[in-house]
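K.L.:
The structure that follows is given in the form of structure tokens.
The values are calculated or read from the model by the stated rules, or taken from the named source; none is laboratory data. All values derive from a computational prediction rather than experimental measurement. Here the Cβ positions follow ideal geometry from the backbone for every residue, glycine too, while neighbour counts run over all protein chains shown. Only protein heavy atoms, including side chains, enter the accessible area calculation; ligands, DNA and RNA are left aside. Shrake-Rupley method; radii C 1.70, N 1.55, O 1.52, S 1.80 Å.
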Amino acid sequence: MICKAKQKCIKNRNRERSFRIEEARAGNRGNAMATRNTYFEDEKIEKKIDLKQLRRTLAYILPYKRLLALVSCMMLVAAVVSLLPPRLLKLVVDEVVANQDYRQLALVSGGLALLAAAEILSSFVQARSMGKMGLSIITKIRTDIFERLQLLSFDYFDNRPDGKIVVRVTEYINGLADFFSNYVMMFAIYIVKLVVVTVFMLSLSPMLTLIVFASVVPMMAIIFRLRSRLRKMYAAHRAKNSNRTAFLVESIMGEQIVKNYNRIEINKDIYRQIHEESVDMWWNIVKRSRLNGPVVQLFWHTGTLCIFGVALALILGGDAGITAGVVITFTSYMGAFQDPLAQLSTIIQELAQVSSNLEQVFDTIDYPADIQDKENPVILKDVKGKVDFQDVTFCYEENTDILKHFTLHVRPGEIIALVGPTGAGKTTVISMLTRFYDVKEGSVRIDDVDVRDASLYSLRSEVGVLMQDPFIFKGTILDNIRYGRWDATDEECREAARMIFADKFIMRLNGGYEHMLEERGSGLSAGERQLISFARIVLKNPSIVILDEATSAIDTETELLIQEALEVLLKGKTSFIVAHRLSTIRNADRILYIGNQGIAEEGTHEELMAKKGLYYELARCS
């Protein structure tokens, strides 16, 4: 009875766990339209490794063609030298032992010593050169993918979890680094050895060599067939690993929320299931890849038996070309042939995984940067601050317009406040001004220059954005403030902090402005992090200022002080303020209530309150 009760308890617990996992996943699927890939969705890259992709890989190797030529020469030398000792062994068996000429034995011994020295030297040179070339290639690939990520628009990052982007830049490239630094060199070495040893075997006995290849050809056909299937399995396993990393990064970043909403046990179950999917896929790969060894051994031992049988028949038949020395030497060459062949089958497996990684890495490197400078862009300077949104339509998802035929004309120096319900498009309006996103239709202009025609550097130098959730980098407070303008002096950074009253909390910290901050400003309050971001934009001193819920995390007393600083900062500048606290926008020149894909109401605070419309209702609820 106890056992049955226990089994029932376990069964119910497992059912509840499955329900909770599916519930969690269903909750995330509700946002699937906004994020193309989440931790429960496998990435799907339809491209297969083809000649174009191989050419891309060769393009990274060609700049090192001189080094590659040196490595190739050293490989050839090492391969030839490593295969000469068996020929000397044949000489010892057929000549020295038979004639008892020990002076010749001394010469053979000296020759073996010289060959060993030459092989060691050539192997050292090729290993060092290939390692240098491999690391240089990976450095270039790492640089290319990082630079591409810097150029990609927000849309790319919106549609992928951070973890799935991180895994491409780290784990996938680490696999490529290992391949280029080690396996590429070994692959080339083994190919050269196979060619050289084939020549040596042919010089001894074409008949026996033919038997070797009769075993090798079907064996390699089977291995390549296995490799084709393995490549698909590696791609599937890569997707499972990517899901696991995405969920892991998401859980770390949302640690406080996880604990606050008692999601620890649910997240454990989700992670366990995602991890088990990865492990199961890897186990399938292991089981299939382990077939390589038996296949190689089966064909190889069969070929070896055939060779000994044929050799014995030829010797007994009186073939003068087959002697004991020839059989011993050929057997040595068979060993020299088998080892690179077995290693090549292993490298082919690695190539299956690497080609899968290459797809994802090149997918990122080749991803179009849709927001970039045009040829000969306009350099914005001496910006007056005139801003025009002309018949703008914008959407994040196809057929779901956030703004439609949106028109707004802002005079230089005018303060515009944006209010309205969540998701109405307030942040979208200011994001188009900085070209974080481009309009679908219409245009956005600054001083009559379409922002798409302006250089991104000059545009973002003249337009400063203060976000609701500021990012604090690991480093000193001084360096974090200087992020607003890297050429600023220490005193200019301190003056920017004093201007918005951030110096009050900074001087309380150990080390003051030299206080070392952890990533994301761990240890600082939300308001203190916001004050540092305020100092950044004060230091930057842009012509157009955008404040997106910039004071939401700041206490009322500090906000009143900042209002005074903002009057100085915004004086004579065109500014856009997104806020839910109506106290921060009462003095705006115009307040726009964003709703129903456009401007639902417009006017000053007093005018809108008198209308008793949408803004009035919003003010009553504030």
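K.L.:
Hey, can you tell me all the residues within region 401-414 that are open to solvent by 40 Å² or more (accessible area, probe 1.4 Å) and part of a loop (DSSP other than H, G, I, E, B)?
P.N.:
Passing the criteria: 411, 412.
So that you can scan it fast, the table gives a plain yes or no per residue for (1) assigned to a strand (DSSP E or B); (2) open to solvent by 20 Å² or more (accessible area, probe 1.4 Å); (3) closer than 25 Å to residue 380 by Cα; (4) in contact (Cβ under 8 Å) with a residue 12 or more places away in the chain:
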| position | (1), (2), (3), (4) |
| --- | --- |
| 452 | no, yes, yes, yes |
| 464 | yes, no, yes, yes |
| 468 | no, yes, no, yes |
| 488 | no, no, yes, yes |
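K.L.:
Which one is most open to solvent (accessible area, probe 1.4 Å) among residues in region 284-297 that are in contact (Cβ under 8 Å) with a residue 60 or more places away in the chain and either touching a Phe, Trp or Tyr at 6+ places or on another chain (Cβ under 6 Å) or in a helix (DSSP H, G or I) (or both)?
P.N.:
So, considering only residues that are in contact (Cβ under 8 Å) with a residue 60 or more places away in the chain and either touching a Phe, Trp or Tyr at 6+ places or on another chain (Cβ under 6 Å) or in a helix (DSSP H, G or I) (or both), the one most open to solvent (accessible area, probe 1.4 Å) is 288.
K.L.:
From the set of residues in region 337-357 that are open to solvent by less than 30 Å² (accessible area, probe 1.4 Å) and of a type in the set (Ser, Thr, Tyr), which is modelled with the lowest pLDDT?
P.N.:
356
K.L.:
Scan region 470-486 residue by residue and report those that are surrounded by fewer than 15 Cβ atoms within 10 Å (Cβ to Cβ) and aromatic (Phe, Trp, Tyr).
P.N.:
471, 473, 486
K.L.:
Give me the pairs, please: first residue somewhere in region 303-332 and under 21 Å from residue 219 (Cα atoms) and open to solvent by less than 60 Å² (accessible area, probe 1.4 Å), second residue anywhere and of a type in the set (Lys, Arg) and modelled with pLDDT of 75 or more, beta-carbon distance under 6 Å, and either six or more positions apart or on two chains.
P.N.:
none
K.L.:
A follow-up question, please. Enumerate the pairs (first residue in region 411-436 and farther than 21 Å from residue 570 by Cβ; second residue anywhere and basic (Lys, Arg) and open to solvent by 10 Å² or more (accessible area, probe 1.4 Å)) with beta-carbon separation below 9 Å, excluding pairs fewer than 6 apart on the same chain, so at least 6 apart or on different chains.
P.N.:
Close Cβ pairs (under 9 Å, with a partner that is basic (Lys, Arg) and open to solvent by 10 Å² or more (accessible area, probe 1.4 Å)) amount to 420/426; 435/452; 435/460.
K.L.:
What pairs come up if the first residue lies in region 209-229 and is surrounded by 14 or more Cβ atoms within 10 Å (Cβ to Cβ), the second is not in a helix (DSSP H, G or I), and their beta carbons are under 8 Å apart, counting only those six or more places apart or on different chains?
P.N.:
Sorted first by the residue in region 209-229, then by its partner, the pairs are 226/291.
K.L.:
Here's something else I'd like to know. Would you check if there is a residue in region 239-253 being under 28 Å from residue 357 (Cα atoms) and without any contact (Cβ under 8 Å) to a residue 12 or more places away in the chain?
P.N.:
For region 239-253, residues under 28 Å from residue 357 (Cα atoms) and without any contact (Cβ under 8 Å) to a residue 12 or more places away in the chain: present.
K.L.:
Restricting attention to region 385-400, and to residues there that are on the phi < 0 side of the Ramachandran plot and outside any strand (DSSP E or B), which single residue is most open to solvent (accessible area, probe 1.4 Å)?
P.N.:
Taking the candidates together, the pick is 398.
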